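Data first, discussion second: the structure below is written as structure tokens.
No lab work stands behind these numbers, since they all come straight from the coordinates. Just so it is clear, the structure is predicted and the values come from calculations on it, not from any experiment. Here the Cβ is made from the backbone with ideal geometry for all residues, glycine too, and neighbour counts use every protein chain on show.
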Amino acid sequence: MLAVKGLSRAFGGVQAVDQVDFELKRNQVLGVIGPNGSGKTTLVNLITGFVRPDKGKVIFKGKNITKKPPYKVAQMGLARSFQMAKPFYQLEAYKNLNVALYSPRVKGLLGGKFGDRDAVAKDLLEEVGFERDSQVITQTASSLPHGYLKRLELAKCLALRPDLIVLDELFSGLSLAEVASMVPVIEKLVAQGKTLIMVEHRLRELFRIADQVLVLNFGRKIAQGNPTEVMDMPEVKSAYLGAETEGF
């Protein structure tokens, strides 16, 4: 599904991502972890076209997408969420999904026949945890609490009918109860065969979901493997100074 080869990017004198390689198979869930400032979000931005690499390649479904702009990457079926939610604040929650639902990609996949897009949007919001019969679906995005904005980010991704979804800290800023209610939503997507990359600091919840974990530190990949093996590696424990490896 995805191959990242020697991906590198520096900002001034800081090497944010340094020669990162990995491959992702269809229907796999890859967790990307690392201390603050390790290059996780920069890696996501490089993969999805928001930042151009200094070196390296991103191959998606066999095609080189390294220099493609984000909208073309999205139209090819690679959707992403943002760590800081980026809705259309003045639109109702369900109307936020219309940009994806009216996209050339969705039109092409469905032969131009979609039916009632508002109903589809409301169905998608219900799938990610919005209450169908409540007023929250019709509230403007600017009035939504943080937890619902995070769910809206996920719903916008799903509306594009992507082949790969990249979730940049979907759990960040959520309460323990909100995270607990979000995990089954992601597990349902996994059960449906979705391919995911999840950047996360909430390791315990991530490890319930991810098949593989990739660990970054100072922009470099220092480990990759299944969660239990990775968290037992001395270099990973050293990167986290033991703070986040407790209990694994």
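For the chain, a Kirkwood hydrodynamic radius built from all Cα pairs, placed in the Stokes-Einstein relation at 10 °C and 1.306 mPa s, yields a translational diffusion coefficient of 85 µm²/s. Counting beta carbons within 10 Å around each of 71, 94 and listing the fewest first gives the order 71, 94. Roughly what angle does helix 117-127 make with the longest principal axis of the chain, taking Cα atoms, 0 to 90 degrees, to the nearest 10? Computed tilt is about 50 degrees.
Among the trypsin sites (Lys or Arg not before Pro) found in segment 5-41, those both in a DSSP coil and sparsely packed, with 12 or fewer other Cβ atoms within 10 Å of their Cβ, are 25, 26. In the structure shown, do any of 57/86; 72/150; 25/61 have a Cα-Cα gap over 19 Å, and if so which? Among 57/86; 72/150; 25/61, the Cα-Cα distance tops 19 Å for 57/86; 72/150.
Extension gain, residue 25 to residue 10, is 2.6 nm, computed as 0.36 nm per intervening residue step minus the present C-alpha separation.
For the listed residue pairs 55/237; 63/107; 95/194, the alpha carbons are over 27 angstrom apart in 55/237. Only lysines eight or more places from residue 40 in sequence, or on another chain, were considered; those with a Cα closer than 16 Å are 5, 221.
How big is the C-alpha Rg of segment 88-162 next to the rule-of-thumb value 2.2 N^0.38 Å, as a ratio? The reported ratio for this selection is 1.04.
Each part gets one Cα centre, and for segment 1-31 versus segment 93-109 those centres are 28 Å apart.
When the Gaussian network model of the chain links Cα atoms closer than 10 Å, the mean-square fluctuations of 198, 84, 233 top out at 233.
Once each of the GluC sites (Glu not before Pro) sitting in a DSSP loop with at most 13 other beta-carbon atoms within 10 Å is removed, the chain keeps 1-130 as its longest stretch. When the alpha-carbon atoms of segment 23-125 are used, the pair Rg, Dmax equals 16.0, 46 angstrom. Mean separation of Cα pairs under 8 Å and 6 or more residues apart, divided by the residue count, gives the chain a relative contact order of 27 percent. Neighbour counting of Cβ atoms within 10 Å sorts the residues 202, 117, fewest neighbours leading, into 117, 202.
Compactness of segment 131-192, taken as the C-alpha radius of gyration over 2.2 N^0.38 Å, stands at 1.15.
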